[in-house]
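Enquirer: The structure's right below; bear with me while I get my questions together.
The values are calculated or read from the model by the stated rules, or taken from the named source; none is laboratory data. Bear in mind the structure is a predicted one, so any value in this text is a computation, not a measurement. Here the Cβ positions follow ideal geometry from the backbone for every residue, glycine too, while neighbour counts run over all protein chains shown.
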Amino acid sequence: MRARVALTALLATSAAALAAAPAAGAATREFWVGAVPVTWNMAPNQFDDITGTRYDPAQTVMGTVVYRRFTRGWRHPLPNTPTSGNQNLIPGPLLRARVGDRLLVHFRNMDFARRDSHSMHFHGVHYRPSSDGAFVPGVSERDADVKPGQSWTYRLTAGEDSAGAWPYHDHSPSMHASIDGGMYGMLSIRGRREPLPDREFVVVFARMGAFQTIDGRAFVGNTPVLRSKVGDLVQFDVMAMGSEHHSFHVHGHRWLTPGGVTRDTQTVAPAESFRFQWRERDPGTWLYHCHVEEHMALGMIGTYQVARR
Ligand SMILES: [Cu+2]
């Protein structure tokens with residue numbers, strides 16, 4: 001009898017979870033994103049400050065295409081991640097929403113340099129095939145093959161199972177070159193009653209050319225300087241793109257996984273992502289980096305600076 005009551009309760013819970021999200025508090029969030037050609041320098045100071053190695057611009061500068069945030073109607077470009085302290089352009093805009101929200105991502109391909117097709121493909125959210133953005137020969141529609149000058153609106157819903165940090169990336173016929181060039185970004189979906197953190201850092205590990213980059217930059221002095229102060233609720237959104245596994249590590253801190261395990265290092269495979277939070281209490285300048293030694297040596301390392309209140 002007890003088991004039956006439990007089963008009934010479980011089924012009721014599942015049915016509620018499967019039902020459409022209640023409208024209370026839910027919002028429709030619109031984003032305007034462009035694929036834009038840029039000249040990108042992976043190490044603007046031309047220097048590895050740890051080993052003292054100098055690099056020539058011929059080694060660190062390349063033409064590429066990135067996702068860029070725009071105002072409504074793609075009128076004016078905006079910073080991609082205004083609150084995180086990260087650089088612009090790589091990764092693409094941090095798209096924030098809450099469980100229950102609808103997301104309309106208006107995408108325009110402005111790649112008049114290479115004139116490649118591009119798209120946006122999102123992990124972690126609900127959508128119809130016409131918002132998948134992944135090219136399937138003979139099957140997919142314009143969502144997966146947005147030509148230069150064309151646009152597409154991706155219609156997404158953040159379900160109960162969408163809370164977390166998730167990748168999005170190009171999945172058009174040009175996806176391999178485009179991802180190598182930095183065409184990726186993150187969705188940040190918080191739970192219905194979850195507060196916004198004071199600081200949210202987007203950390204993307206990916207090889208670019210001969211370097212191992214964080215948010216498209218290599219070596220301390222070029223990679224994002226993540227800044228917070230004692231007392232802040234700090235959130236890291238971490239993912240990897242490309243073809244290699246990485247090992248995310250922060251010095252002087254630990255975090256709890258959803259399963260309650262204490263960690264200071266977490267492996268992350270291509271397109272895997274995770275997030276964690278802590279209430280900051282340890283002032284100082286700390287390192288964060290990939291713990292694959294070869295990757296650190298090729299630039300996958302940066303600083304996290306915590307100010308006293
Ligand atoms: Cu690595």
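Enquirer: Being aromatic (Phe, Trp, Tyr), in contact with a Lys or Arg (Cβ under 8 Å, 6 or more places away or on another chain) and closer than 22 Å to TRP166 by Cβ, is that true of even one residue in the stretch 282-292?
Expert: Within the stretch 282-292 (the criterion being aromatic (Phe, Trp, Tyr), in contact with a Lys or Arg (Cβ under 8 Å, 6 or more places away or on another chain) and closer than 22 Å to TRP166 by Cβ), the answer is no, since none of the residues qualifies.
Enquirer: A further question follows. Are there any pairs, at least 6 apart or on different chains, whose C-beta atoms fall under 6 Å, with the first in the stretch 254-265 and closer than 15 Å to GLY164 by Cβ and the second of a type in the set (A, V, I, L, M, F, W, C), and if so, which?
Expert: Close Cβ pairs satisfying both conditions: TRP255/PHE276; TRP255/TRP278.
Enquirer: From the list GLY185, GLY221, which one is at pLDDT 95 or above and not hydrophobic (A, V, I, L, M, F, W, C)?
Expert: GLY185
Listed here are the residues, each with its yes/no results for (1) aromatic (Phe, Trp, Tyr); (2) within 16 Å of the ligand (Cβ to nearest atom).
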site	(1), (2)
PHE205	yes, yes
ASP215	no, yes
LEU226	no, no
ASP237	no, no
ALA240	no, yes
HIS245	no, yes
GLY259	no, no
GLN266	no, yes
ALA271	no, yes
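Enquirer: Turning to a different aspect of this structure: Kindly indicate whether any position in the stretch 110-119 is buried (at least 22 other Cβ atoms within 10 Å of the Cβ), modelled with pLDDT of 95 or more and under 19 Å from ALA271 (Cβ atoms).
Expert: yes
Enquirer: Among all residue pairs at least 6 apart or on different chains, which show Cβ distances below 9 Å where the first residue, located in the stretch 201-213, is of a type in the set (Ser, Thr, Tyr) and the second is within 11 Å of the ligand (Cβ to nearest atom) and not in a strand (DSSP E or B)?
Expert: Filtered contacts from the stretch 201-213: THR213/LEU298; THR213/GLY299; THR213/MET300.
Enquirer: Okay, moving on. Take the conditions more than 14 Å from the ligand (Cβ to nearest atom), modelled with pLDDT under 95 and farther than 22 Å from PRO79 by Cβ and apply them to ARG193. Does it pass?
Expert: yes
Enquirer: Now for a different question. Considering only the stretch 35-72, state which residues are touching a residue at least 40 places away in the same chain (Cβ under 8 Å) and among the β-branched types (Val, Ile, Thr).
Expert: Once the filter is applied, which keeps residues that are touching a residue at least 40 places away in the same chain (Cβ under 8 Å) and among the β-branched types (Val, Ile, Thr), the stretch 35-72 yields VAL36, VAL38, ILE50, THR51, THR60, THR64, VAL65, VAL66.
Enquirer: Can you find even one residue in the stretch 266-275 that is surrounded by fewer than 15 Cβ atoms within 10 Å (Cβ to Cβ) and part of a loop (DSSP other than H, G, I, E, B)?
Expert: Yes, some residue in the stretch 266-275 is surrounded by fewer than 15 Cβ atoms within 10 Å (Cβ to Cβ) and part of a loop (DSSP other than H, G, I, E, B).
Enquirer: Under 9 Å between Cβ atoms, which residue pairs at least 6 apart in sequence (or on different chains) link something in the stretch 280-298 that is under 19 Å from VAL202 (Cβ atoms) with a partner that is within 16 Å of the ligand (Cβ to nearest atom) and charged (D, E, K, R)?
Expert: HIS295/ARG207; HIS295/GLU244
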